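One structure is given here, and the rest of the page talks about it.
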Amino acid sequence: MPIMDAVPLLDSATATILASVNKYTIQQHVKWLDNCIEMPNTYTVYNFQTARPRLETNNQAIMRINEVSDGCTRCCCAPNHSVVLNFDALDPSGRELFPVMTMERQGCCGKLCLGEIVCMECCANEAFFHAGKVEGKAGELDKSRVFGRAKVPIPFAGGFTPVIQVMDRDATSDHHFASVKGPMCFGGCSELCCSVPFTVKKVNKDGSISVNVGDVATITKMKPKSFADAMRELLTDSDLYELEIHDLSLSAQQRASLVGTLLLCDYMFFERDIDACSYNVFTKELKISLCNCFCLGKIIPCQCTCGGDDKERDS
């Protein structure tokens, strides 16, 4: 008797889509009310090699991703709220064809110290990737169809540079096949002029990083390419990402896990409302975030303050 049933792989249609694309563009949709009331996210995945990443056309879009989350926790706890992301394949006209996968990330209601210095399980971000569509609430989904997961290491989440471990599941256990590593500083006003690269390194069976091979893939949060893109960056949460696969031997489910890990990076590092600057109407202070610094799992803004009414601030 086998120890457990074989892990259900992604269906052949999904595997064909993922295997045919080595460079993806992921565009987060603009939600103009997002800074007033937190809205569920929507993303579109494009084939970078055959399409320009524009929301006005879906001719080359290959997947649509929709967030399902509780409105109360989303408004009060974002970006550390629980989310379920449904991935659907698209036809050339942009219509949804069939479910591809489901991503599950449990938020701060189940992990009370999420977003703080990572010391134990209740502080660590983690995402599960399920084959097909799985219904339910984040943290309560049936794990029988999980084909991969991504998690920050415990303790200290990589130290002063963010690290996310990407696991591939076989019939008996999880296999740590790659580690995603980002820069120490990112976000804030620096996003307007600098792209943010995350390198994906291959991991050996003993858990060490392979130094004799190049990057398995690269995840990049792209800088604005025009004035309109810069205004969108400042006023909304809409971001643009690229995922380039360098190791063409990666399986379809490993590629799917990297797409899911990219979205986990978005929620962990870039889903911060009015990240570049903010104004306090009570103290009359203008705060400008030059960048955000990563420290043991916690994001610390590097800010400067202009103006301010001392009397109002003291009261």
Please order HIS81, HIS246 by the number of other Cβ within 10 Å, starting at the fewest. HIS246, HIS81
Could you point to the residue in HIS176, ILE26, VAL100 farthest towards the positive end of segment 12-275's charge dipole, with +1 and -1 charges on the Cβ of Lys/Arg and Asp/Glu respectively? HIS176
Size of charge dipole - segment 12-275 - debye, nearest 20, with Cβ of Lys, Arg +1 and Asp, Glu -1, no other charges: 460
What the Cα atoms of the chain span along the principal axes, largest first and in whole Å, is 74, 45, 42
Loop only by DSSP, 11 or fewer other Cβ within 10 Å of the Cβ. Give me the chymotrypsin sites (Phe, Trp or Tyr not before Pro) in segment 221-296 that pass, ordered by residue number. PHE282
Using the Cα centre as the reference, give the magnitude of the dipole from point charges on the C-beta atoms of segment 60-144 (Lys, Arg: +1; Asp, Glu: -1; all else neutral), rounded to the nearest 20 debye. 100
Could you work out how far helix 252-265 tilts from the main Cα principal axis of the chain, as a 0 to 90 degree angle to the nearest 10? 10
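When N counts the residues of segment 150-199, how does its alpha-carbon radius of gyration compare numerically with 2.2 N^0.38 Å, as a ratio?
1.43
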Considering only ALA228, ASN86, ILE17, whose Cα is most displaced toward the positive end of the charge dipole of the chain, charges sitting on Cβ of Lys, Arg (+1) and Asp, Glu (-1)? ILE17
Per-residue counts of other Cβ atoms within 10 Å, averaged by peptide: what ranking do you get for 144-151, 95-102, highest first? 144-151, 95-102
Only bridges whose two residues both fall in the chain count here: according to DSSP, what percent of them are antiparallel, nearest 5? 100
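What is the Cα radius of gyration of segment 122-263 over 2.2 N^0.38 Å, N being its residue count?
In units of the 2.2 N^0.38 Å rule of thumb, it is 1.13.
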Low-density loop cleavage sites - trypsin sites (Lys or Arg not before Pro) in segment 211-243, where at most 11 other Cβ are within 10 Å (DSSP): LYS225
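All of the numbers you see were taken from the coordinates with simple rules; none came from a lab. Please read all numbers here as calculations on a predicted model, not as lab measurements. So basically every Cβ, Gly included, is an ideal-geometry build from the backbone, and we count neighbours across all protein chains shown.
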